[in-house]
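Step one of this worksheet: look at the structure below.
The values are calculated or read from the model by the stated rules, or taken from the named source; none is laboratory data. Quantities reported herein were computed from a predicted structural model and do not represent experimental measurements. All Cβ positions, even for glycine, are placed from backbone atoms using ideal geometry, and neighbour counts span all protein chains on display. Accessible surface is based on the protein model in full, side chains and every heavy atom, while ligands, DNA and RNA are left aside. Shrake-Rupley method; radii C 1.70, N 1.55, O 1.52, S 1.80 Å.
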Amino acid sequence: MDIMQLLATRRTYRRFQQKAVPADVVADMVEAVRLSSCGANRQALRLVVVQSPAMVAKVQPLVKWAAYLPPEQGAPKPEEQPVLFVAMVQDTSIPGDKDTDAGIALANLTLAAWAKGVGSCIMGAIDRPRLAELLGLGENEALHTMVALGYPAHAAHIVPLTEATGVKYYLDAQRDYCVPKPDAKELARYL
Ligand SMILES: Cc1cc2nc3c(=O)[nH]c(=O)nc-3n(C[C@H](O)[C@H](O)[C@H](O)COP(=O)(O)O)c2cc1C
């Protein structure tokens, strides 16, 4: 897929098929983070790949879905849950702008997954203390975000951001996500 097409379709997915993500796609995601740019090349990020069904089931209740939607619309039902999670972890003993590093790594990871048809949801509304314990994070490790992954069970479309839509995503009649984005003219100024 052309990179612009990949970027347009790499949306947030919140309902998933119950089909495992193959090991080579997981390896691509890890490689995409390994290759990421980071401040002073300091290498302050770690990943925890949660792939055993038992551990995935323990993570599921510790993440919150789709704040703009009522839970019956936004939260996946048991048969729609993600089949894989990746924890983005920062080594707090290393100095620097680790949030920017994490953002770049998240973009690379989710794009590498989407290039193989695996959809994702980056998740910041998470129970960090309980997840840190569950994932066995060390003293110098801070949980930045979780990424929920799986083959999508819905579509997601970009729609024009207008006064009427505001920034809030919504579901259409097919229960597909509609995600308002501004026109490029409103985004960039050219001098
Ligand atoms: C840093 C960050 C944190 C997010 N946290 C959550 C979350 O906790 N739960 C959720 O359902 N979606 C979460 N999202 C997904 C956003 O809601 C989504 O990216 C946004 O609505 C735009 O949709 P798009 O990714 O399809 O462009 C998060 C996204 C980012 C980048």
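Some points to look at:
- Within the range 170-191, being closer than 30 Å to PRO22 by Cα and open to solvent by 40 Å² or more (accessible area, probe 1.4 Å) holds for GLN174, ARG175.
- Answer residue from the range 95-112, given it is more than 10 Å from the chain's Cα centre (by Cα) and open to solvent by less than 30 Å² (accessible area, probe 1.4 Å) and is farthest from the ligand (Cβ to nearest atom) among those: ALA112
- Number of positions in the range 113-130 that are touching a helix residue (DSSP H, G or I) at 6+ places or on another chain (Cβ under 6 Å), crowded, with 22+ Cβ neighbours inside 10 Å and not β-branched (Val, Ile, Thr): 2
- For ALA20, the conditions (1) among the small types (Gly, Ala, Ser); (2) open to solvent by less than 50 Å² (accessible area, probe 1.4 Å); (3) closer than 16 Å to ALA148 by Cα are fulfilled apart from (2).
- All of ALA57, ALA20, ALA67 fail the test of being away from the ligand (no atom under 16 Å from the Cβ), assigned to a loop (DSSP other than H, G, I, E, B) and on the phi < 0 side of the Ramachandran plot, apart from ALA20.
- Lone unmet requirement of (1) loosely packed, with under 13 Cβ neighbours inside 10 Å; (2) within 16 Å of the ligand (Cβ to nearest atom) for ASP2: (2)
- Members of the range 32-42 that are loosely packed, with under 14 Cβ neighbours inside 10 Å and touching a residue at least 40 places away in the same chain (Cβ under 8 Å): LEU35, SER37, ALA40
- Tally of residues being without any contact (Cβ under 8 Å) to a residue 40 or more places away in the chain and either open to solvent by less than 50 Å² (accessible area, probe 1.4 Å) or assigned by TED's automatic domain parsing to the domain that holds TYR170 (or both) across the range 53-69: 2
- The range 76-191 holds helices (runs of 4 or more DSSP H) entirely within its bounds, and those carrying 1 or more residues that are farther than 22 Å from SER52 by Cα and assigned by TED's automatic domain parsing to the domain that holds ASN41 map to 98-114.
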